[in-house]
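In what follows, a single structure is set out as structure tokens and then discussed.
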Amino acid sequence: MDVSTFEELVALVSPSIERKNTSMREAIPAAERIALTLRYLATGETQSSLSYQFRIAQNTISGIIPAVCAAIYHHLGSEIQVPESEKEWKMVAEEFWAKWNFPLCLGAMDGKHIRIKPPPHSGATYRNYKGFFSIVLLALVDANLKFLYMLMLALTGRVSDGGVWGKSKLRQAITNGDMNFPEAGRVTRIGI
């Protein structure tokens, strides 16, 4: 993320996540809260590791990350838009071809286990095969890494990416033929 994008995000989200200084302590600045959250989401580092890097207690970090994610979604959730027409899907495919030399691609999808503190009395319900507690995030991005679709289900961590995909509305829409995908032979290749 470049500096101007980060500053734009800070300006947009700060009012929702700012905290006031008290006589006991100074509040963690909004920009630092956002930087910490972005680092966590981008690298998958443990909160303990981030605690040493940012010099913030791990229990404080466990409250910051969900709050910042919720604020980002509140302010930018409407920006996540699945293409609705055949023309919009063709533009996505053309960008993949132009930027990545990858033909007929309508998006890149992946899932990620998001580490969580398990709810009380949940036992091993949210423990995943990697040995930590998580829920699964599924995301579809375009050639410029802009989110086209995102789904975070509060399913148990034992559910795989495929399990989340199976429950997604995107899969249902594709299966039902409701996505207005262009025919494979009708997508033009730009830059040839």
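For every helix of n ≥ 4 consecutive DSSP H residues, a contribution of -39,500 (n - 2.57) applies; sum these over the chain, divide by its total residues, and give [θ] at 222 nm rounded to the nearest 500 deg cm²/dmol.
Result for the chain: -14000 deg cm²/dmol, rounded to the nearest 500.
What are the residues whose amide H is under 5 Å from the amide H of Phe102, where those residues sit 5 or more places off or on another chain and H is modelled from the backbone?
Sorted by chain and number, the residues that satisfy this are Trp97.
In the stretch 1-152, if every C-alpha pair distance is counted and binned at 10 Å from zero, what percent goes to each bin?
9, 31, 33, 20, 6, 1
What percentages make up the Cα-Cα pair-distance distribution of the stretch 15-68 when the bins are 5 Å wide from 0?
Spelled out per bin, shortest first, that is 4, 19, 33, 26, 12, 4, 1.
Give the Rg (one decimal place) followed by the Dmax (whole number) of the stretch 105-181, computed from C-alpha coordinates and expressed in Å.
Cα radius of gyration and Dmax of the stretch 105-181 are 14.1, 45 Å respectively.
If I stretch the segment between Lys167 and Asn101 completely, what's the gain in nm (0.36 nm per residue apart, minus their alpha carbon distance), one decimal?
Here the answer is 20.6 nm.
Viscosity 1.306 mPa s, temperature 10 °C: what is the translational diffusion coefficient of the stretch 71-150 from Stokes-Einstein with a Kirkwood Rh over Cα pairs, rounded to a whole number of µm²/s?
107
With a 1.4 Å probe and all protein chains left in place, how much of the accessible area of the stretch 1-113 comes from carbon and sulfur atoms, in whole percent?
That share works out to 54 percent.
Grab the beta carbon distance between Thr46 and Met150, set R0 = 25 Å, and tell me the FRET efficiency rounded to 0.05.
0.60
The values are calculated or read from the model by the stated rules, or taken from the named source; none is laboratory data. For clarity, every value in this text was computed on a predicted model and none was experimentally measured. In this analysis, Cβ positions are derived from the backbone assuming ideal geometry, glycine residues included, and neighbour counts consider all displayed protein chains. Keep in mind that these areas ignore ligands, DNA and RNA; they rest on the heavy atoms of the full protein, side chains included. Shrake-Rupley method; radii C 1.70, N 1.55, O 1.52, S 1.80 Å.
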